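Report on one structure; see the data block that follows.
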Amino acid sequence: MQLGIRLHDIEKTTLENRLKIAREQGFACGHLALSKVISEYPVNESALTPGFAMYLKRIFAENQLDVAVLGCYLNLANPNEESLKAIQNKYLAHIRFASLLGAGVVGTETGAVNEKYTFEERNHSEEALEIFINNLRPVVEYAEKMGVIMAIEPVYKHIVCNPIRARKVLDTIASPNLQIIFDPVNLLDISNYEQRDAIIKEAIEVLGKDIAMVHIKDFVVKDGKLESVAAGTGNMDYTQIIKFIKEQKPYVHVTLENTVPENAVEARRYIQEIWDAL
């Protein structure tokens, strides 16, 4: 596996400095969410020029880092038609940018049936799933044209809330350019976290062949809710996940999430030690 980090979890500084820090801390790749790591110049659609992509590609290479994910985590089930069109256009811009940048995937979560992108029971309905599939389809078709992998990240509170619904999205769109970001903790909720081993096992069985990259974080239970924390500081047992990666996805990008500058290296070492022991 190639262990990396969300670049916006590194201390607040320029992107150029964040990349240096990531490399010094022993990471091999980064999750790049442009608006979360760059504030000194614009990163809107019109700024995503070929020259900008090639500049980023160069500075990542100088620091021996891959762009594991170019994040575009916007709501593809937004019920406002005007807003939805703007969101789809942003995905297309990120896909074009990724084609020049050489990003592993353009990543997204899977939306909600309201403009606020919040949980409601209707997110888990068949109607919501059909809306998401229909709105994702043209984005994936564009990814095919540009030779880019579009990867969806199932999340319990979003529309694609479990492995079975994720499998339906993959099979319905039926594109080799649509794959999965596997974040085990995002499949958990206060209602099901005690069954996490079975949930992770199902995800590997149902989605394993289409997993393009992995997110790693931990969780604790606080005030009746799950709170995401850095790997090794909560309740997760990573043995099953790391065993799957080692046996089936040996060089996959694996990015740590919910670290802070003070524990990022420790979290990396924790996951690496599990890998080394298997």
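The values are calculated or read from the model by the stated rules, or taken from the named source; none is laboratory data. Since the model is a prediction, treat every value here as computed from it, not as a measurement. Ideal geometry is used to build each Cβ from the backbone, glycine not excepted, and the neighbour counts take in all protein chains shown.
Points worth noting:
- Residue among Val148, Val160 that alone is farther than 26 Å from Val113 by Cβ, in a loop (DSSP other than H, G, I, E, B) and β-branched (Val, Ile, Thr): Val148
- Test: residue in region 174-197 that is under 19 Å from Tyr238 (Cα atoms), without any contact (Cβ under 8 Å) to a residue 12 or more places away in the chain and out of contact with any strand residue (DSSP E or B) (no Cβ under 7 Å at 6 or more places or on another chain): yes
- For the condition β-branched (Val, Ile, Thr) and part of a strand (DSSP E or B), Val185 does not qualify.
- Pick from region 72-86, criterion of a type in the set (A, V, I, L, M) and not in a helix (DSSP H, G or I), ranking: farthest from Gly107 (Cα to Cα): Ala77
- Residues located in region 87-117, provided they are under 15 Å from the mean Cα position of the chain (by Cα) and not in a helix (DSSP H, G or I): Ala103, Gly104, Val105, Val106, Gly107, Thr108, Glu109, Thr110, Gly111
- Single condition Gln64 does not satisfy, out of (1) touching a Gly at 6+ places or on another chain (Cβ under 9 Å); (2) within 30 Å of Phe27 (Cβ to Cβ); (3) part of a loop (DSSP other than H, G, I, E, B); (4) of a type outside the set (Gly, Ala, Ser): (1)
- Region 40-65 residues that are without any contact (Cβ under 8 Å) to a residue 12 or more places away in the chain, paired with ones that are loosely packed, with under 12 Cβ neighbours inside 10 Å and not acidic (Asp, Glu) (beta carbon under 9 Å, 6 or more apart): Ala47/Tyr41
- The residues of region 68-86 that are surrounded by 16 or more Cβ atoms within 10 Å (Cβ to Cβ), more than 19 Å from the chain's Cα centre (by Cα) and polar (S, T, N, Q) amount to a single one, Asn78.
- Every condition in (1) of a type in the set (A, V, I, L, M, F, W, C); (2) surrounded by 15 or more Cβ atoms within 10 Å (Cβ to Cβ); (3) part of a loop (DSSP other than H, G, I, E, B) holds for Ile190 except the one numbered (2).
- The test for being farther than 15 Å from Val254 by Cα, in a helix (DSSP H, G or I) and either out of contact with any Lys or Arg (no Cβ under 8 Å at 6 or more places or on another chain) or modelled with pLDDT under 95 (or both) holds for Ser46.
- From the options Tyr238, Tyr251, residue that is in contact with a strand residue (DSSP E or B) (Cβ under 8 Å, 6 or more places away or on another chain) and surrounded by fewer than 16 Cβ atoms within 10 Å (Cβ to Cβ): Tyr251
- Residue list for region 53-64, restricted to those being under 22 Å from the mean Cα position of the chain (by Cα) and either under 21 Å from Tyr91 (Cβ atoms) or charged (D, E, K, R) (or both): Ala53, Leu56, Lys57
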